[in-house]
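For reference, the structure is listed below as structure tokens.
None of the figures in this text is laboratory data; all of them are computed from the coordinates on show. Quantities reported herein were computed from a predicted structural model and do not represent experimental measurements. Positions of Cβ are generated from backbone atoms using ideal geometry, with glycine treated the same way; all protein chains shown enter the neighbour counts.
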There are 4 protein chains.
Amino acid sequence: MKNTFGQSVSVTIYGESHGQAIGIILDGLAPGIPVDENFMQSQLTLRRPSGAISTARQEPDPFQILSGVFEGKTTGTPISIMIPNSQTRSKDYSATRPLARPGHADYTAYCKYHGFEDYRGGGHFSGRITAALVAGGAIAISALKSKNILIGTHIKSCGNITDRDFDQLDQDIQALNQKVFAVLDDDKAMQMQDKIKQTAEQRDSIGGILETAVLHLPAGVGEPWFDTLESLLSHALFSIPAIKGVQFGNAFDLVNGFGSAYNDAFRIQNDKIITETNHNAGINGGISNGMPILFQCAVKPTPSIYQKQNTVNFFEKENAELEIKGRHDPAVIHRARVVVDSITALVLCDILAGRFGTDYLA
Amino acid sequence: MKNTFGQSVSVTIYGESHGQAIGIILDGLAPGIPVDENFMQSQLTLRRPSGAISTARQEPDPFQILSGVFEGKTTGTPISIMIPNSQTRSKDYSATRPLARPGHADYTAYCKYHGFEDYRGGGHFSGRITAALVAGGAIAISALKSKNILIGTHIKSCGNITDRDFDQLDQDIQALNQKVFAVLDDDKAMQMQDKIKQTAEQRDSIGGILETAVLHLPAGVGEPWFDTLESLLSHALFSIPAIKGVQFGNAFDLVNGFGSAYNDAFRIQNDKIITETNHNAGINGGISNGMPILFQCAVKPTPSIYQKQNTVNFFEKENAELEIKGRHDPAVIHRARVVVDSITALVLCDILAGRFGTDYLA
Amino acid sequence: MKNTFGQSVSVTIYGESHGQAIGIILDGLAPGIPVDENFMQSQLTLRRPSGAISTARQEPDPFQILSGVFEGKTTGTPISIMIPNSQTRSKDYSATRPLARPGHADYTAYCKYHGFEDYRGGGHFSGRITAALVAGGAIAISALKSKNILIGTHIKSCGNITDRDFDQLDQDIQALNQKVFAVLDDDKAMQMQDKIKQTAEQRDSIGGILETAVLHLPAGVGEPWFDTLESLLSHALFSIPAIKGVQFGNAFDLVNGFGSAYNDAFRIQNDKIITETNHNAGINGGISNGMPILFQCAVKPTPSIYQKQNTVNFFEKENAELEIKGRHDPAVIHRARVVVDSITALVLCDILAGRFGTDYLA
Amino acid sequence: MKNTFGQSVSVTIYGESHGQAIGIILDGLAPGIPVDENFMQSQLTLRRPSGAISTARQEPDPFQILSGVFEGKTTGTPISIMIPNSQTRSKDYSATRPLARPGHADYTAYCKYHGFEDYRGGGHFSGRITAALVAGGAIAISALKSKNILIGTHIKSCGNITDRDFDQLDQDIQALNQKVFAVLDDDKAMQMQDKIKQTAEQRDSIGGILETAVLHLPAGVGEPWFDTLESLLSHALFSIPAIKGVQFGNAFDLVNGFGSAYNDAFRIQNDKIITETNHNAGINGGISNGMPILFQCAVKPTPSIYQKQNTVNFFEKENAELEIKGRHDPAVIHRARVVVDSITALVLCDILAGRFGTDYLA
């Protein structure tokens, strides 16, 4: 299905970095959901590069809602959101057309599209397309709030600086969603930002790990096979350009241990069924158990670095050297966080509408 | 889509642990692929519990091909493979019906299916269903071999014992596919098996990490968004019951480092474009670059342990204790390996048929 | 998606006429629906050839439920129903292997499957596969009854003998669902059966038109584009082998007339919104309006006739003559009727589960 | 999937009659297809109301390609085409908000969207959305031409005036594709236009039947079940607002006859396998046999008529009368023709890319 994802609630995205516009069509959301354009704008601002630690290309991302919203509310028909491109400096790219930027999709795009791809600024592979996901995701986040389902993400680690663990989840998530640089411990936030600045000075880039929590998702959601909660979330998350790993809970750290430690004992608390620990991350057998959903995404260092790199000229099939020009981020993890929240919200809207019907999130 | 996965080549699975049969319908494979029932049986044997380190329930998994194979070859129409159940000791389970086994899906199944689920032996959530995936996957593996696309998996770690890294990939994979206990280093294999036996004696269970390589996948396969190679593989992999994490390359270890180290420089080698390192695991921008695809799966310790555990009675909504009887594995990671290979093969057949047409793998 | 249809409730079918078995996997039905095996058997009997007007191949269609039903009710997990084949006389077909039976799929199967298809008795194209749809459809019909949604079909015309129009729909449908030969007017039923017998004596075959009504479908179901009620119903109906036309209401007769006659005026009746006429067949803008859904299917004469016919040998690419042997029906319309009801029920379960959630039809 | 259709090549549409814009995202087309904006414009002109027989609302439909086209060719990534709305007279509609226009979707939209729908001018149900399909379809038509696959449609009948049958198909289709009012016989075209004018004078509307031919589709395309050629085409065709019947060949007229007449005998002609007649409309068993694909669509009279009509006020649940104002067509059949061609082309691109791979139509 390529650029469309989701069954009951689906998203379709389009656009290239240096084309006319990027956009998203969001279909299947319940009618009657309030659409808060200020919230959409503030979410877009979180994704937008800004300040010393980000690229100089800082577009305001003015979006237009072309359909699906009437008198401030969703109509139930497709919501089309367009974000026009501007400030494109296409000439930055043409000179190095056949030189594959390491870690980027230039060469694989050429293999797939045979040279017809719009190569400027990464074209359709550009992280800029995620702005469309954020615009649409903002509406999904609002829809989920109507059922008190909350999503929050922090930078778990960046450049080996590690944030504190989640503690009081409701409060932590509320706090994170007020922050531009989403780290629970403010000291660690400073250290990470310093690290990013140093990295930029070294003409290098850096990545890290994001950790996300979803609160108050009802129990009984997800499928035993193929469309497990883990499957659907990871499917969507892995389409965020820099993400190369997804784990639920601390799986990679814990699986070498014992079942007696990994199992989460069930208990009754305030007349509700909970688990004492949550190593299974709120999911048993692919289905939510009512506990928080927890997952971590590995965000690779942005591949654009201002150093001379070995590469090939794929037109000529010969070795070459490349020094990337243009405007690039030394890190994207702090911006990727709102993309993770957005895409998580979109997936959950899909799953919930499938489970409880198309009017559930109204 | 619940129990169906894939677009061009799709699989549908059914069955419960203690029902009449489990099975798979495999649709969309090219006509003319040789179907080797001996290979199917030998793959099923790899999944089957056996010997001291596995459960006492050791069924021979005799399968029947009900359709889609004619004169030893695929017809191009749906291949239905049924594996009848036998040797079921249903009474083991009924006594503890409303007690949620920690780490299992009893409680979430109850939330989703309202008590109508076949609860015996985990019902539709049973790992036994993976036998159907293995039977179908064997045909997919054969289909891929016609294009020299090879898949192999080793136990990267189990109980903190770590296998050596992949080295000569073609040889390593050939070697692994001859082994019942898929570890590259035979000493480590012994240590892991000892560890599993010790764990069983402690009435506990243990997990680990599987690492898989896919060789000779053509460049240019996968989609930039939503249906990235990572997305499709992880979607399928996360439906294997015990898998809680998927990373491409060593993502979680490496992303805190620098872009200059993570980027894979392109080079020409024997007139072919390769990368010097392969931290991106053969995938740039969601699309294969011609290098080996590498991923790791975190396999949690099997949740059935022979210890008294805290839990709840979900009919009565009250705390309870549970001591699991029946026959259970102290580890499933050595058996999960062939399931990973199988589901990987099924996903790749789907992607390749979508990209190159339905006759490609004939 | 080939042999799988439906999103929220999906069906997957498999099998060949002379293979081991045919079958259906029905996924996504709500848990807790009573499964009445007697009703399933009686529906299968309606499809089964019987008596003077049908083929001599009269199998009892004994079905086995392999999964998804527990203690007489659906579990919510995939329902696998298998119908073993028997009584196959494969040698009837091998002699004429490369001779394309006119009106059949032999030649197109060869174009698609390159000769690997199981050609015996039409293989996967055989009308026999519809038995699987009928077995699964019986459960869907039961599920719909829980919401008082009723489906009935009569033979509107056969060999230019025309049944009376629907009149009192609830009564008519109740009456039809008691009949083996589903014609409202018993005299016309006799005439049609005589016509079929005469046709058989002439070594020819005959078709006709089926008309179906769906009662009590709630208003507000269906989509404005692509997944209109008409689209989804026709998609499924056109996969019944002999169906070559689908119209809602009497569309082909009426569309040359005026809008003032075609429009259905809305009125209030017993506090309910109804339409005075129902030319739009219960559907406005792709969505149900609460009136009966009415559609007609053109069922072509069965292509197997006992006359010498011109054809080609597609192996040799040369002209040939063919005289079909074997056992064949002079008409299938009276048997197709229960297939239409079944597939209609399956589609409606899918649409309703998508609209109102997976528990709606429990 | 609501507003998205197709698997390998998919279309997503959005928009409301009186919103900001309508549009289409066309995904999965091969890279390298020339995009001829003049042809797109001329196709849009065929759909656009014009002259005495059409509504006074005559927008120029200026479209913008926002993505997916680079240097005049498709890139292989999503093609987003937007058509801004203008010339909207929204006040025409608000006065009659709760009065269900007979034959329209006002009431069913209210049932589905609970009053949140954009009701102005039919909102998302407006035939205007088909302009997006025509814009996208023009690219699909171009893609098919690269393989010499041609599509053409004539008005078979309108107001009981009947065009001549197809004769020399290649010539007829070439001729039709030059005509604004697509009737093979020019006298009949005049009579039909007169009939439409008379109907307008009577403040009424009129419908008819369109007949379409697809030439040079390769044999072996389509699926035996569910995704038969008939299924996929009818699925798409029935989402065109006014279409209420689809038949392949003259099915409804012929099925009451004999199999000996309906069967199409195969013959060798110029070393190619053809059929002597083509009652099966180029499709056997759901799969193309290499003969022309022929189908007819019943297009209902446009429901907007300038007469007082009985209806209900669905807010108050009481009887009412309605006299529609605004600008409306006495007939849409001559405009629907290019929509049928467009959607047919989109479906065929999907089927061909699925069968032969994503590069096939480049």
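Quick notes on this one:
- Note that segment A:343-358 has calculated 3J(HN,Hα) couplings of 6, 4, 5, 5, 5, 5, 4, 4, 4, 5, 5, x, 7, 10, x, 6 Hz, one per residue in order, obtained from phi through the Karplus relation 6.51 cos²θ - 1.76 cosθ + 1.60 (θ = phi - 60°); glycine and proline are x.
- Exam field: B:D194 pseudo-label spacings to other copies (7 Å along Cα-Cβ), nanometres: 4.7, 9.2, 10.2
- Axis angle, to the nearest 10 degrees, between helix D:130-145 and the longest C-alpha principal axis of chain D: 10 degrees.
- Residue closest to axis [chain B; rotation mapping onto D; Cβ; Å]: B:G357, 2
- Debye intensity ratio I(q)/I(0), log10, segment C:124-258, q values 0.16, 0.19, 0.20 Å⁻¹ (C-alpha model): -1.08, -1.48, -1.57
- Modelled spin-label separation between D:K73 and C:H216, with each label point placed 7 Å from Cα along the Cα-to-Cβ direction: 6.0 nm.
- Rg/Rh for segment D:4-356, where both radii come from Cα atoms and Rh is the Kirkwood radius: 0.98
- Positive minus negative residues near A:D172 (Lys, Arg vs Asp, Glu; Cβ under 15 Å): -3
- Stokes-Einstein diffusion for the protein assembly as shown, with the hydrodynamic radius set to the Kirkwood value over Cα pairs and evaluated at 20 °C in a medium of 1.002 mPa s, equals 66 µm²/s.
- Estimated vicinal HN-Hα couplings, Hz - segment C:303-312 in sequence order (Karplus 6.51, -1.76, 1.60; Gly, Pro = x): x, 7, 10, 8, 10, 5, 10, 6, 7, 10
- Fluctuation leader among A:R47, A:R203, A:R101 - chain A, Gaussian network, Cα springs under 10 angstrom: A:R203
- Legend: translational diffusion of segment A:280-362 by Stokes-Einstein, Rh = Kirkwood radius over C-alpha pairs, 25 °C, 0.890 mPa s; D = 143 µm²/s.
- Label distances, nm, A:Q168 versus same residue in remaining copies, Cβ-directed 7 Å point: 6.1, 6.9, 8.6
- FRET E, pair C:H114, C:R327, Förster distance 22 Å, beta-carbon r, rounded to 0.05: 0.15
- Cα-based equivalent ellipsoid, segment B:196-282: semi-axes from gyration tensor eigenvalues, Å: 32, 17, 14
- Charged neighbours of C:K195, selected by a Cβ distance under 12 Å, balance to -1 (K, R count +1; D, E count -1).
- Net charge of Cβ neighbours under 10 Å - reference A:S205; Lys, Arg +1; Asp, Glu -1: 0
- Label distances, nm, A:K272 versus same residue in remaining copies, Cβ-directed 7 Å point: 4.2, 5.5, 6.9
- Cα long-axis angle, helix A:186-201 against chain A (0 to 90 degrees, to the nearest 10): 20 degrees
- Förster radius 30 Å - calculated FRET efficiency between C:S94 and D:R267, Cβ distance, rounded to 0.05: 0.80
- Two-site label geometry, D:K147 and D:Q202: point separation in nm, points 7 Å out along Cα→Cβ: 4.5 nm
- Top of C:K244, C:K272, C:K145 by mean-square fluctuation, Gaussian network on chain C, Cα under 10 Å: C:K272
- 25 Å Cα-Cα threshold exceeded, pairs from C:K179/C:K300; A:K195/B:K156; A:K272/B:K2: A:K195/B:K156; A:K272/B:K2
- Most fluctuating residue given options D:Q41, D:Q174, D:Q247, as computed from a GNM of chain D linking Cα atoms under 10 Å: D:Q174
- Karplus-based coupling profile of segment C:259-270, in residue order and whole Hz: x, 4, 8, 7, 4, 9, 5, 7, 8, 9, 9, 6, with θ = phi - 60° in 6.51 cos²θ - 1.76 cosθ + 1.60 and x standing for Gly or Pro.
- Inter-chain Cβ neighbour count for C:349-361, averaged per residue, equals 4 (cutoff 10 Å, partner chain atoms only).
- FRET efficiency for the D:T277 to A:D165 pair, using the beta carbon distance and R₀ = 56 Å, is estimated at 0.15.
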